[in-house]
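The values are calculated or read from the model by the stated rules, or taken from the named source; none is laboratory data. This one's a predicted model, so the numbers in the text were calculated from it and none came from an experiment. Cβ placement follows ideal geometry from the backbone for every residue including glycine, while neighbour counts extend to all protein chains displayed. Side chains included, ligands, DNA and RNA excluded: accessible areas come from the protein's heavy atoms. Shrake-Rupley method; radii C 1.70, N 1.55, O 1.52, S 1.80 Å.
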Amino acid sequence: MGSILREWVGFQQFPAATQSKLVELFGKLKEKGVSALTILVMGKGGVGKSSTINSLIGERVVNVNAFSSEVSRPVMVSRTRAGFTLNIVDTPGLVEGGYVNYQALELIKRFLLNKTIDVLLYVDRMDAYRVDDLDKQIISAISDSFGKEILRKSLLVLTHAQLCPPDDLSYDVFPARRSEAVLKTIRAGSRMRARDFKDSAIPVGLVENSGRCNKNESDEKILPNGKAWIPSLVKEIIGVATNGNKSIVVDKKLLEGSESNDRGKVFIPLILGVQWLLVKWIQRAIRDDIAKGGKAF
Ligand SMILES: Nc1nc2c(ncn2[C@@H]2O[C@H](COP(=O)(O)OP(=O)(O)OP(=O)(O)O)[C@@H](O)[C@H]2O)c(=O)[nH]1
Ligand SMILES: *[C@@H]1O[C@H](CO)[C@@H](O)[C@H](O)[C@H]1NC(C)=O
Ligand SMILES: *[C@@H]1O[C@H](CO)[C@@H](O)[C@H](O)[C@H]1NC(C)=O
Ligand SMILES: *[C@@H]1O[C@H](CO)[C@@H](O)[C@H](O)[C@H]1NC(C)=O
Ligand SMILES: [Mg+2]
């Protein structure tokens, strides 16, 4: 279903230094008996989800568009190299006309039926200076849809990381401040209790997808702090995949009983009951009215 299993050709496009780091990282995973990873990529529209996937695979596997949304349904891209398989699921943006697109979330969940999510990449832009209630609502929706445990399998990815920070902040502190703000929103939006959250730090990966990303002498794409971001991101992804928390299995049960639905269902008899009482009350009022009216005339 929308999945194409192929030899990972793009791997050879990476500079030698990146390749050797990735070989080492995947080698360690295989030693742990992990021969496949499934990564789900979600976030608002236009934040760079598809671009990040293309950067990670080293091929143009999904469409990217600057001015309109390209992906209207989830797509899974699979690449195999030396017995290791990487599955990445690209998804449409989770915000539509200023609201959380719950329908898109349902579509994503249905697409993932019988699959296991090892890592969620929650993508946002680094070069945005504000977070708002909508960001919080997106996290709540994800949390309700896949279960709050998905936050223990999440990595926050900030794109456009090769930015010029505002005048009063240096590059050393800007990413930290921006991450802190987004993480705070994630914490607020998650259905986790504060205590649960304390011992679960969501790691952050910085990304620069632009073709104009700076490179060092080894030809590796680097951020303004001199770090090669592709191997760093893969390392973070593997860290989350092997952090000891369970991967998210999308089975029929998860599909049918999202937490929000269950919570809603509890109130249905109550709402029906209140409606019934209201109708009775109005009927009685009308009867009384007619009776009184009759007397008046
Ligand atoms: N400079 C810069 N541009 C980026 C980066 N990531 C993405 N872009 C640009 O931002 C635009 C949107 O990127 P996409 O990858 O299509 O974003 P998306 O999240 O997949 O968008 P939807 O699929 O519509 O939700 C494109 O013009 C990309 O080239 C980045 O890290 N740096
Ligand atoms: C998912 O798995 C269940 C149980 O193993 C099976 O009955 C069902 O057909 C599967 N659905 C899809 C879409 O693969
Ligand atoms: C579960 O994941 C969190 C990150 O959200 C991590 O801090 C924690 O150590 C993990 N738990 C276990 C038991 O490894
Ligand atoms: C390029 O950057 C990476 C990551 O920081 C580093 O490991 C590598 O040695 C650098 N290469 C050169 C030639 O500076
Ligand atoms: Mg996209």
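Side notes on the structure shown:
- For A16 and A194, the FRET efficiency from 1/(1 + (r/R0)^6), where r spans their Cβ atoms and R0 equals 51 Å, is about 0.65.
- Estimated FRET transfer efficiency (R212, Q275; beta-carbon r; R0 45 Å; 0.05): 0.15
- Each residue, D168 and A285, gets one label point 7 Å from its Cα in the Cβ direction; the gap between the two is 5.5 nm.
- D168 sits with roughly 130 Å² accessible to a 1.4 Å probe, with DNA, RNA and ligands left out of the calculation.
- Dividing the summed -39500 (n - 2.57) terms of all DSSP H runs of n ≥ 4 by the residue count of the chain sets its mean residue ellipticity at 222 nm at -13500 deg cm²/dmol.
- Assuming charge only on the beta carbon of Lys and Arg (+1) and of Asp and Glu (-1), the dipole of the chain about its Cα centre is about 1080 debye to the nearest 20.
- In this Cβ point-charge picture (+1 for Lys and Arg, -1 for Asp and Glu), the stretch 1-119 has a dipole of about 200 debye about its Cα centre.
- Converting phi to 3J(HN,Hα) with the Karplus coefficients 6.51, -1.76 and 1.60 and the offset θ = phi - 60°, the stretch 15-30 yields x, 3, 4, 5, 4, 5, 5, 5, 4, 5, 5, 5, x, 5, 5, 5 Hz in sequence order, with x at every glycine or proline.
- In the chain, Rg over Rh equals 1.14, where Rg is the alpha-carbon radius of gyration and Rh the Kirkwood radius from pairwise Cα distances.
- Computed with a 1.4 Å probe over protein heavy atoms only, the accessible area of L86 comes to about 10 Å².
- Note that the stretch 74-81 has calculated 3J(HN,Hα) couplings of x, 9, 10, 10, 10, 9, 10, 8 Hz, one per residue in order, obtained from phi through the Karplus relation 6.51 cos²θ - 1.76 cosθ + 1.60 (θ = phi - 60°); glycine and proline are x.
- The chain: most fluctuating residue of F14, F67, F84 per GNM, C-alpha cutoff 10 Å: F67
- Heavy atoms of the protein chains alone define the surface here; on that basis the chain has 56 Å² accessible area per residue at 1.4 Å probe size.
- Placing unit charges on each Cβ (+1 for Lys and Arg, -1 for Asp and Glu) gives the chain a dipole about its Cα centre, and among I53, V9, T91 the Cα reaching farthest toward its positive end belongs to T91.
- Karplus (6.51, -1.76, 1.60) ³J(HN,Hα), θ = phi - 60°, over the stretch 224-233, in Hz, Gly and Pro reported as x: x, 8, x, 7, 6, 7, 5, x, 4, 5
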